[in-house]
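In what follows, a structure is listed as structure tokens, so that the remarks can point back to it.
Derivation of every value follows stated rules applied to the coordinates shown; laboratory data play no part. From a predicted model like this one, the values you see are computed outputs, not experimental measurements. A quick note on method: Cβ atoms are made from the backbone with ideal geometry, for glycine too, and the neighbour counts reach across all protein chains shown.
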């Protein structure tokens, strides 16, 4: 039996910091970000199921979210303004992400690869509906980071906050609007104000 380096590589997510072009009061790594996205994706699918009569799997959404940035272990986190600057960069970076995902999957034992390929590459798994919720959750995680930074007096995140809010509303996802109204206001409050 050959040793597999897959899980050891996954635990390196804690070394990949996000928001590389921004002045942060507190750094954020892709491990904690992925955890937040998993919580948020799970919530958004619950909203879908309970408030809009859906029947999607919130646990599957959370799993997809846990691995949504796994390829960044190899590529690092490319800042959004660079990643989405033009269609050539978007296409090139997509190829780089796919190659990194393939590299990660190759670290698994052969009998694990198919199971993880659909989660890490997030293609061909029949999870297209869930990907919208993971994307929205990813954006909400970024929005919450902006709110945290602004609450610490860091105005560097004001434009990012506005841009991310706009992008979430543009998704036209009713579940996201419920999250905005019902859950997002608490992120602006201190612990004492939350009356826990």
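Right, residue 86: in contact with a helix residue (DSSP H, G or I) (Cβ under 7 Å, 6 or more places away or on another chain) and free of Cβ contacts under 8 Å to residues at least 24 places away in the same chain or not? When the stated conditions are applied, residue 86 does not pass them.
Of all residues in region 173-187, those that are surrounded by fewer than 18 Cβ atoms within 10 Å (Cβ to Cβ) have Cβ atoms under 8 Å from Cβ atoms of residues that are outside any helix (DSSP H, G or I), 6 or more apart or on another chain, in 174/52; 186/194. Of the residues contained in region 126-146, one or more are found to be over 20 Å from residue 61 (Cα atoms), crowded, with 18+ Cβ neighbours inside 10 Å and touching a helix residue (DSSP H, G or I) at 6+ places or on another chain (Cβ under 8 Å). Between 13, 1, 9, the distinction of being in contact with a strand residue (DSSP E or B) (Cβ under 7 Å, 6 or more places away or on another chain) and within 23 Å of residue 107 (Cβ to Cβ) belongs to 13 only. Residues in region 14-59 that are within 13 Å of the chain's Cα centre (by Cα), in a helix (DSSP H, G or I) and within 17 Å of residue 73 (Cβ to Cβ): 30, 31, 32, 33, 34, 35, 37, 38.
Evaluating residue 24 against the criteria (1) free of Cβ contacts under 8 Å to residues at least 60 places away in the same chain; (2) touching a strand residue (DSSP E or B) at 6+ places or on another chain (Cβ under 9 Å) leaves one unmet condition, (1).
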